[in-house]
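*Asks:* I'd like to ask some things about the structure below.
The values are calculated or read from the model by the stated rules, or taken from the named source; none is laboratory data. As the structure is a prediction and not an experimental result, all values here were calculated from the model. Positions of Cβ are backbone-derived with ideal geometry, glycine not excepted, and every protein chain shown enters the neighbour counts.
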Amino acid sequence: MAAEATPDAGEALEGRVSRSMLLRSLLLDGPTLFAMIAIALIVFAATVGAEIWPHDAYDQDLHMRNRPPMTPNADGSGFPHFLGTDPLGRDIAARLMHGARVSLLVGISGVTLSGLFGSTLGVLAGYFRGRTDDVIMRLVDLQASFPGLLLALALLFVLGPGFFNLIIVLALTRWMIYARVARSMTLSFRESDFVDAAIVAGNTGSRTIRKHIVPNLKTSLLVLATLEVAAMILAESGLSFLGFGVQPPTPSWGLMVAHGRDYLGSAWWLTTLPGLAILLTALSLNLFANALGAITDPVRRSVWLVRASARGEES
Amino acid sequence: MGRYWIRRLIQSVGIGWLVLTLVFLTTRVIGDPVRLVLGIEASHERVELTRETLGLNRSLVAQYADFIGGVVRVDFGESFWQKVPSLPIVLDRVPATLYLTSVALLMAVPLALILASIGTLRPRSFADRAINVFSLGGVSVVDFWLGLMFIMLLATQIDWLKTSGYGGFSYVLLPAITLAFKPLGRISQMARTSLADEMSKPYIRSLRAKGLSPKRIVFLHAMKNASLPIITIIGDELISLLNGAIVVETVFGWPGLGQLTIQALSRRDLPVIEALVFVVTVGVIGVNLLVDASYTYLNPKVTFGDESRGRRSNS
């Protein structure tokens, strides 16, 4: 990307870039703005929306099976079934919002677990090198070369389905990337003068890691974690679709797609809407993580800011 | 050279042994194989009877010796479900999965390289940005939903498209397109980044000065030099295509390894699951060896003769 930086990109590099400038540059980029609005809406739906929505996600009404979007209530009063109903007469919009809650919960707690586990191992490998490094990275290489979904399915088969097992299994299958990133960054910091200085000044190993290395890793790992929330949500929906993830009656987007399969010809909204919800969530998180990666990387940031300011002048 | 490959081979056998031991330990120690086979509802008498007939009441060491002996004789025992040796059941499914994944990859790789080249020829143009969002979309979409959407929207309109079963072009087209989306997105993004890296190097400038057309520069020169990271990600994609195959084969009723995985798991057919993990492990090791071999072919600078290769070199 560096090659595409225009000569005046260097100016953006000089001096400290203010936070407001970075924020403004995010808002000026169309896809990023779209992603941020979408993420805000999804988080709102999962937290507040699911609570205040007039229909319940679990209330069945067999007289109201598979009704298309905008169907009015059974007695014609009150709030219509905005996005239709499922084969048990449950409100799709309510289930989608509860599904968002499940997805975000699995995504965020799974990423927290796998991120902490993976980056701890990565930092240890990079700091101590030698045998520790060999053992940890061998394990990373080994697991990374094995298909993750097969591993997750096999683990869930042994442990049995369930919400907590699901989160643990997802964390266990996706920790390697953090270990790789944390290790390679720690290795380069280990060579740098400020870490040498910290050691010479008498810091213990654990203190050097906590006070001098981990703070420098935070931003990159956060960007990675944002990407991984998307990947985690996709993985959860896949497992739930196959019947090994979230179990009914808990609403999950993957499960909703699976249940809509039998009604493809007659009730398009059953499969289409939850799939779109997954796509929107994952795409927004990916777009946002891309922009986040661009503004936190000093080299890419200059390109990004020049682009943004150019667009600001156009408008 | 020869010594390197011999060592790699020995290493591969070691990895295979490690994976199988992990499989043994997870199924026998973390999980109770009898419970896995019978489910939690089975009566106490039935559990004890099955434990005896399967030889699971013996010591772990005896069971392990039996298990490894079986692997050496390539015999994983009879499938509980079909009462025939489980390895042939698994091997029977390999061609179907290879067929499906190769068609998917043959669609994804050329298209991904073309998309990446278009972006590289006109950096930051509308086309470049649209391709970026499209490839992020390919990564963000869930394959099971995409497959169902194709069935719903295309197969109902176009008569000759088949949505289920095994066969020629009309059968393979929809599942292969579905399976191709994820590698398409990931390979095109990876190729775009590594092409951009190449384009910033001095030799490109001299080619430009020489008067070579941008197309020739990108396709003949930059592409060749960017091929190493691209090959790496294609290798990774070969493995994650297996993840996709589990889902896509289930959606399209394609009789491959993926469909067998879900069938074996839901029938709790332990010998088949073990044979499946064995076959996949062998396949994964084979793909990794192939990717490494193609490195030496594409870049004579890479030699595998000495110890300096691999992770240690970047420390």
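*Asks:* If only one of A:S188, A:S206 is surrounded by 13 or more Cβ atoms within 10 Å (Cβ to Cβ), farther than 30 Å from A:I233 by Cβ and hydroxyl-bearing (S, T, Y), which one is it?
*Replies:* A:S188
*Asks:* Select, from B:P229, B:P271, B:P255, the only residue that is at pLDDT 90 or above and not charged (D, E, K, R).
*Replies:* B:P255
*Asks:* Do we find a residue being free of Cβ contacts under 8 Å to residues at least 40 places away in the same chain and more than 30 Å from B:I151 (Cβ to Cβ) anywhere in segment B:226-243?
*Replies:* Yes, segment B:226-243 contains a residue that is free of Cβ contacts under 8 Å to residues at least 40 places away in the same chain and more than 30 Å from B:I151 (Cβ to Cβ).
*Asks:* Residues that are under 22 Å from A:L155 (Cβ atoms): find the helices (runs of 4 or more DSSP H) completely inside segment B:30-93 holding 1 or more of those.
*Replies:* Answer list for segment B:30-93: B:33-38, B:60-72.
*Asks:* If only one of B:A108, B:A127 is closer than 29 Å to B:A196 by Cα, away from chain A (no Cβ under 12 Å) and touching a residue at least 24 places away in the same chain (Cβ under 8 Å), which one is it?
*Replies:* Criteria check complete, one pass: B:A108.
*Asks:* Let me ask you something else. I'd like to check something: does segment A:38-61 contain any residue that is assigned to a helix (DSSP H, G or I), over 24 Å from the mean Cα position of the chain (by Cα) and modelled with pLDDT of 75 or more?
*Replies:* Yes, some residue in segment A:38-61 is assigned to a helix (DSSP H, G or I), over 24 Å from the mean Cα position of the chain (by Cα) and modelled with pLDDT of 75 or more.
*Asks:* Restricting attention to segment B:141-174, which residues are of a type in the set (G, A, S), within 14 Å of chain A (Cβ to nearest Cβ) and without any contact (Cβ under 8 Å) to a residue 40 or more places away in the chain?
*Replies:* Matches in segment B:141-174: B:A155 only.
*Asks:* Could you run through segment A:224-278 and say how many residues are assigned to a loop (DSSP other than H, G, I, E, B), surrounded by fewer than 23 Cβ atoms within 10 Å (Cβ to Cβ) and more than 8 Å from chain B (Cβ to nearest Cβ)?
*Replies:* Matching residues across segment A:224-278 total 6.
*Asks:* Could you tell me whether A:M137 is within 12 Å of another protein chain (Cβ to nearest Cβ) and either within 21 Å of the chain's Cα centre (by Cα) or buried (at least 20 other Cβ atoms within 10 Å of the Cβ) (or both)?
*Replies:* Yes: the conditions hold for A:M137.
*Asks:* Same structure again: Would you mind finding the one in A:S114, A:S103, A:S109 that is among the polar types (S, T, N, Q), surrounded by 22 or more Cβ atoms within 10 Å (Cβ to Cβ) and over 30 Å from A:N203 (Cβ atoms)?
*Replies:* A:S103
*Asks:* To continue, here is another question. Which of the numbered conditions does A:S145 fail, given that it passes all the others? Conditions: (1) of a type in the set (S, T, Y); (2) at pLDDT 90 or above; (3) over 18 Å from A:G238 (Cβ atoms).
*Replies:* (2)
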